[in-house]
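Contents: one structure, followed by commentary.
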Amino acid sequence: MEKENLTMREMDIPLGPDRSKLLGSRAAEVDIIEGDHMILNMGPQHPSTHGVLRFELLTDGEVVVKITPHIGYLHRCFEKIAESIPYNQVIPYTDRLDYLASMNNNLGFALAVEKIMGIEVNERVQTIRVIMAELNRIASHLVSFGTYALDTGAFTPFLYAFRERERIVDLFEDVCGARLLYNYIWIGGLSHDLPPGWVEKCRDFCDYFLPNIDEYNNLYSFNQIFIDRSADIGVMTAKQAIAYGATGPNVRGSGLAWDLRKTEPYSGYENYDFDVCIGTGEKGTVGDCWDRYMVRIREMEQSTRIIRQALDRLPEGDVKEAIPKNFRKIPEGEVYMRTEAPRGELGYYVVSDGKQIPYRVKCRSNCFTSLSAIPEIGVGAMIADIVSILGSIDIVLGEVDR
Amino acid sequence: MRTALKENYFKQIWKGISTTLIGMSVTIGHLFKPSVTLQYPHERWPMPEGARLRIQMDFDECTGCGACARACPVDAIIIEVLKAQAGVDLGETSNGTKKRLHVLKFDVDNAKCIYCGLCIPPCPTGAIHFDLDYEAMKLTRKELIYHFSIMTSDEVETLREADREAKAKAAAAKAQAAAEKAKAAESAPKKPNQSDSSS
Ligand code: SF4
Ligand code: SF4
C-alpha cells in the first residue's frame with residue numbers, strides 16, 4: 001500500500017511507446033495461452049453499461065485479457081449542431097450531454113461565452129449558480145452511488161439514493177420548471193430568480209440530507225461483501241490517471257488532490273470553504289474502485305457544506321440584468337473554459353468569428369477520457385470485476401458520445 | 001492477491017454477516033417510517049407554478065410577430081401570417097398591442113419540442129406559455145402537432161384569395177402608374193425643350 005500524493009509537475013508522464021511501461025503489473029500476472037481465448041461481447045444492452053456501450057472482451061476463462069470499448073451509439077452531433085444555432089440556443093443542447101448534471105453543463109458553456117463577450121455577472125447570479133451546481137453534483141453522485149450498488153449486486157441503495165435525488169429534483173423544478181434538462185443557467189444570468197421560500201426549502205434539504213450519508217455508509221459503503229467486490233480492484237495509479245486524462249472523482253480517488261474548484265476557481269468558488277476529498281486506500285490500494293466510490297460519498301458532504309455557505313451569503317440582485325438582448329455583436333476570439341463537473345473536467349472550447357452563431361464549439365468530455373483508461377486498468381480482472389470497475393468510473397454515455 | 005482473503009477465514013465470515021446485518025437494520029428501520037412513494041394514477045403531486053410541461057397559447061393574444069419561432073432551437077413552432085389589408089381592423093391584444101397580421105397557421109410540434117422554454121420570454125404579449133397538464137400522450141405523431149390557429153381552411157382560402165386580388169390590383173395599379181410614368185417620361189423630353197425655347 002503506497003500512497004502517491006504527487007502534484008502534476010512532480011510527475012513525469014512518459015509519452016509514446018513508453019506508455020506501455022505504465023501497463024499495470026496485473027497484465028503480467030495473466031498467463032496468456034494463445035488459442036485458449038474467447039471473445040465475449042458485453043453490451044450494448046448490458047444492464048451495467050449505463051446506457052449503450054459495448055465492450056469486446058478477450059477472455060481467458062474468467063480472466064479478461066483485453067478490453068476494447070466500442071462507443072458512438074448515442075452520438076448526436078452536439079458540436080456540429082452548436083455551430084448552426086445562436087449562442088443562447090446551444091444551452092438546451094448542453095443539457096443533454098451529461099444528463100445527470102445538466103446544471104454543471106449549462107454553467108460551463110455560459111461561462112465560456114461570457115468570457116468571450118466580456119460579461120460580468122453579479123454576486124447573486126454567481127451564488128445561485130454555485131448552489132445549483134453543487135445540488136446537481138449531489139444528485140449526480142447519488143445516481144452514481146445507486147447504480148454502482150445495482151452493478152455490484154445490491155438493489156436497496158438505489159431506492160435510497162433516488163429518494164434523496166427526488167427532493168433535489170423537486171427543488172430544481174420549483175426554480176426552473178424542469179426536472180432533468182434545466183436550461184437554467186443562461187449566458188449572462190439565470191432564466192428565473194429563486195421563488196419565494198426556496199432558500200428555506202433548500203436549507204431543510206441540507207439538514208435532512210447530511211444524516212442520510214451515514215445511512216448510506218452503514219447500508220453499503222462498509223458492507224464487507226461490497227468491500228470485497230470493490231477494494232483492490234481496478235486500481236488506477238495517479239500516474240495512470242494523469243496519463244489518461246482522468247479527472248474528477250477518478251483522479252481524486254487515485255490520491256491526487258486535483259479539483260478545478262480549488263486550483264482554478266470560477267464563479268466565486270474561491271470564497272467557499274471546503275475540502276478536496278481524495279482516495280486514501282483505506283480498504284485496499286489507493287486508486288481502487290472503493291476509493292473512487294468513497295470520494296463521491298465524501299464529496300456529497302462537502303457539497304452540502306458549500307450550499308449552506310452559499311445560502312447564508314446569498315446577496316440581493318437582479319439575475320437577468322446582464323443577459324444580452326441579442327447575440328448579434330459577439331467579439332471575435334476563442335476561449336477554453338473548464339469547470340469541475342461531477343464527473344470531472346468539463347471543458348468548452350468556443351471560437352467566435354464575430355457572427356451570431358459560434359464558429360466552432362468543442363466539448364472536452366470527462367467521461368470519455370475516464371472511459372479510455374478502462375482497457376488498461378481492467379486487464380487481468382475477472383469478468384464480474386469489469387462491471388464493478390465500470391460502475392466506479394461512473395460514466396454517462398450521453399456525454400461520452402455527445 | 002486480495003488482502004482481504006489473506007485475513008482469517010472465520011473473521012471474514014463474521015465481518016460479512018455483521019456488516020450485512022447493520023445494513024439490514026437500516027432497511028428494517030424504514031418499515032416503521034412513513035412511505036415516500038405515491039401511488040401515481042390515484043395520487044398526484046401538485047405541479048409547481050412554472051413547470052415546463054406542454055406548450056399552450058392564447059390565440060387571441062397572438063400578433064403573429066414570429067419571435068417565438070425564431071427563438072426555438074429545434075424549429076418546433078411553425079407560423080404563417082398574412083398582412084392585413086388597409087382598413088381592416090384586427091383588434092388589439094389585452095396589453096394593447098395592435099394586431100396587423102392574420103395568423104393563418106400556428107402549429108407547435110410537441111414531438112419536436114424539447115420543453116426548453118426559450119420561446120416564452122421573447123413573446124411581446126405573453127400569448128405562448130406552458131400549461132400544467134402532463135398527460136399529453138397520443139397514439140400517433142400527427143396528433144402531437146397542435147394546431148392553435150382558429151381559422152378554418154375556408155377562411156384561410158378567402159383571405160388568400162382577397163390577398164391575391166389585392167396584390168393583383170396593386171400590381172395593376174403599379175403597372176398603370178409605371179405606364180403613366182413612362183408616358184410622362186416620353187413627353188417629358190419635350191418639356192425641357194419647350195422651356196428651353198421659351199427662355
Ligand atoms: S419550448 Fe423550446 S423547443 Fe418547445 S417550442 Fe418553445 S422554444 Fe421550441
Ligand atoms: S411571440 Fe407571441 S405574439 Fe409573437 S408569434 Fe409567438 S405567440 Fe404570437
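The values are calculated or read from the model by the stated rules, or taken from the named source; none is laboratory data. Note that the coordinates shown come from a computational prediction; the quantities given were computed from them, not determined experimentally. Every residue, glycine as well, gets a Cβ built from its backbone with ideal geometry; the counts of neighbours run over all protein chains shown.
Some observations on this one:
- Among residues of segment B:144-153 being outside any strand (DSSP E or B) and within 16 Å of ligand 1 (Cβ to nearest atom), the one that is modelled with the lowest pLDDT is B:149.
- Annotation note: of A:214, A:193, the sole residue that is closer than 21 Å to residue A:128 by Cβ and more than 19 Å from the chain's Cα centre (by Cα) is A:193.
- Checked against the criteria, residue A:293 counts as part of a helix (DSSP H, G or I) and surrounded by 21 or more Cβ atoms within 10 Å (Cβ to Cβ).
- Of all the criteria given as (1) touching a helix residue (DSSP H, G or I) at 6+ places or on another chain (Cβ under 8 Å); (2) modelled with pLDDT of 90 or more; (3) surrounded by fewer than 17 Cβ atoms within 10 Å (Cβ to Cβ); (4) β-branched (Val, Ile, Thr), the one not satisfied by residue A:351 is (1).
- Residue in segment A:67-77 that is within 14 Å of another protein chain (Cβ to nearest Cβ), closer than 25 Å to residue A:176 by Cβ and either touching a Cys at 6+ places or on another chain (Cβ under 6 Å) or aromatic (Phe, Trp, Tyr) (or both) present: no
- Scanning segment A:243-263 for residues that are surrounded by fewer than 21 Cβ atoms within 10 Å (Cβ to Cβ), out of contact with any strand residue (DSSP E or B) (no Cβ under 7 Å at 6 or more places or on another chain) and either within 30 Å of residue A:314 (Cβ to Cβ) or of a type outside the set (Gly, Ala, Ser) (or both) gives A:257, A:262, A:263.
- Residue A:91 vs. criteria over 19 Å from the mean Cα position of the chain (by Cα) and within 16 Å of ligand 1 (Cβ to nearest atom): no
- Segment A:121-176: number of residues that are at positive phi and of a type in the set (Lys, Arg): 0
- Condition broken by residue A:283, with the remaining ones in (1) at pLDDT 90 or above; (2) in a loop (DSSP other than H, G, I, E, B); (3) basic (Lys, Arg) satisfied: (1)
- Residue identified as facing chain A (nearest Cβ under 9 Å) and touching a Cys at 6+ places or on another chain (Cβ under 9 Å) among B:51, B:71: B:71
- Matching entry among A:214, A:232, A:228, A:207 (being more than 14 Å from chain B (Cβ to nearest Cβ) and not polar (S, T, N, Q)): A:207
- Number of the condition not met by residue A:122 [criteria: (1) farther than 17 Å from residue A:334 by Cα; (2) surrounded by fewer than 20 Cβ atoms within 10 Å (Cβ to Cβ); (3) within 14 Å of another protein chain (Cβ to nearest Cβ)]: (3)
- Among the conditions (1) outside any helix (DSSP H, G or I); (2) closer than 29 Å to residue B:95 by Cα; (3) among the β-branched types (Val, Ile, Thr), residue B:156 misses just one, which is (1).
- Residue A:193 passes every criterion in (1) surrounded by fewer than 22 Cβ atoms within 10 Å (Cβ to Cβ); (2) more than 12 Å from every other protein chain (Cβ to nearest Cβ) apart from (2).
- Residue match in segment A:87-99 (condition: charged (D, E, K, R), outside any loop (DSSP other than H, G, I, E, B) and either within 30 Å of residue A:129 (Cβ to Cβ) or modelled with pLDDT under 50 (or both)): yes
- Residue A:135 vs. criteria part of a loop (DSSP other than H, G, I, E, B) and farther than 18 Å from residue B:20 by Cα: no
- Restricted to segment B:124-143, and to residues there that are within 14 Å of another protein chain (Cβ to nearest Cβ) and within 14 Å of ligand 1 (Cβ to nearest atom), the residue that is nearest to residue A:325 (Cα to Cα) is B:129.
- Residue within segment A:112-119 that is within 21 Å of the chain's Cα centre (by Cα) and more than 13 Å from every other protein chain (Cβ to nearest Cβ) present: yes
- For residue B:91, the conditions (1) within 10 Å of the chain's Cα centre (by Cα); (2) over 23 Å from residue A:173 (Cβ atoms) all hold with the exception of (1).
- Which numbered condition residue B:163 misses (of (1) surrounded by 14 or more Cβ atoms within 10 Å (Cβ to Cβ); (2) part of a loop (DSSP other than H, G, I, E, B)): (2)
- Test: residue in segment A:86-100 that is touching a strand residue (DSSP E or B) at 6+ places or on another chain (Cβ under 9 Å) and at positive phi: no
- Some residue of segment B:106-123 being among the hydrophobic types (A, V, I, L, M, F, W, C), more than 11 Å from ligand 1 (Cβ to nearest atom) and surrounded by 18 or more Cβ atoms within 10 Å (Cβ to Cβ): yes
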